[in-house]
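What follows draws every value from the coordinates through simple rules; no lab data is involved. In this text, all values refer to a predicted model and were calculated from it rather than measured experimentally. Note that we place each Cβ from the backbone using ideal geometry, even for glycine, and neighbour counts take in every protein chain shown.
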Amino acid sequence: MSRAPERGGARFAILKLDETALVLPQSEVRAIEAADDVVLQEPPAGGVGWIAVAEHRWPVYSLTRELVPSGQPARSRRMCALLGTGGQLFGLLCDEVEVTALDPSAITPLPDCMQLAGSPVTAIARRSGGIACVTTPLRLSRLVGLPAAAPAAARRAA
Amino acid sequence: MARGQAWVLDLGSGASAAIGERELVLLLYDAAAFRVPYAPPYANRVLFWEERALPVLDLPVRAGTSSVGADTKFVAVVGYLRDGDASLQYGVLPLASPPVRAEVDDEQGCELPEPLERWRPLAVSCFRAQGVAIPVLDLGRAFGPSA
């Protein structure tokens, strides 16, 4: 995990998926694990496997840089960010996680004509050398098809 | 007879459209735009201008007359009013060449011809210049949510 120089502003985590960067409030990233620790057997529907954290196991998903769910993650996805949606967590594979501060003025809502139903992107943040897409765990969970209430999702790790 | 000024835009792929003279704000060459995933194919890039993220709209793709954005080098920053919102909004239109100023009068007004029917949802009117029908854009609709 890289850590950007300290600056003012709220703390965010930036998850990198190839050239695509996703931004979430840092508090919504519950844990960061190595992708090697993901158990690939019997993956959840639309997912790639399971990760065990704090005596529970959570479904893990992967997205392409176009934010399309993929059952075959790219080799660059070496980390697994555990994201929270209320009491339900899920893992998202990513290349890198950066924790940084973002000035709220650097974030602008997604223009009307760029909005697609089901898109996880709610806003755009400008950062040096490009942009990052602001999202939420809830939107990502809908994108990957995580069931609203999945009893199997929080089974105790064997 | 009423006269008005317009800018005729070369949108590439053989498409042209016009906007009001006050709607053109700035012309840039080879400006960097950034791709946004999970966005419509006609509006999947943003360009930063004066601390704003402006949508880059490929109008022929939006109108359905082309499936891919044209190879364009110029971009026009345009300003418009959105329905129910008094504040000026901005967007970006890629252009194949710099816009051309045109003086238009009532006699040039025409119906949107059948080959341009797909522009109807984005156009407020149409006029002929040198024998060519040119739709006049409603930028609020063009940059608005897709139907």
How about region A:16-53: which GluC sites (Glu not before Pro) there are in a DSSP loop, with at most 14 other Cβ atoms within 10 Å of their Cβ?
A:Glu19
Considering only B:Pro115, B:Ala76, B:Pro40, whose Cα is most displaced toward the positive end of the charge dipole of region B:1-117, charges sitting on Cβ of Lys, Arg (+1) and Asp, Glu (-1)?
B:Pro40
Lys, Arg +1 and Asp, Glu -1 on Cβ, resulting dipole of the protein assembly as shown about Cα centre, debye, nearest 20
940
For region A:9-158, take the alpha-carbon Rg, divide it by the Kirkwood Rh, and send me Rg/Rh.
0.96
Computed label-point distance, nm, for sites A:Arg30 and B:Glu117 using a 7 Å Cα→Cβ extension:
5.5
Projecting the Cα atoms of A:Phe90, A:Trp50, A:Leu40 onto the charge dipole of region A:1-102, where Lys and Arg contribute +1 and Asp and Glu -1 at Cβ, the residue farthest towards the positive end is A:Phe90
Loop-only check: which GluC sites (Glu not before Pro) in region B:1-73 are DSSP coil with at most 13 other Cβ within 10 angstrom?
B:Glu50, B:Glu51
Charge context of A:Asp37, other residues only, Cβ under 13 angstrom, K/R +1, D/E -1
+1
So what's the gap between the Cα centers of region B:16-93 and region A:78-96, to the nearest angstrom?
34
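What percentage of all Cα-Cα pairs in the protein assembly as shown are separated by more than 26 Å?
52
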Based on alpha-carbon positions alone, could you give the equivalent ellipsoid semi-axes of region B:13-113 from the gyration tensor, as √(5λ), descending, whole Å?
23, 18, 14
At a temperature of 20 °C and a viscosity of 1.002 mPa s, determine how fast region A:1-95 diffuses translationally according to Stokes-Einstein, using the Kirkwood radius over alpha-carbon pairs as Rh; express D in µm²/s, rounded to the nearest whole number.
157
Using unit Cβ charges (K, R positive; D, E negative) and no other charged atoms, how large, in debye to the nearest 20, is the dipole of chain A about its Cα centre?
160
Where nothing but the Cβ of Lys and Arg (+1) and of Asp and Glu (-1) is charged, how large is the charge dipole of region A:31-120 around its Cα centre, in debye to the nearest 20?
200
Could you list the GluC sites (Glu not before Pro) in region B:69-137 that lie in coil according to DSSP, counting only those with at most 12 other Cβ atoms within 10 Å of their Cβ?
B:Glu111
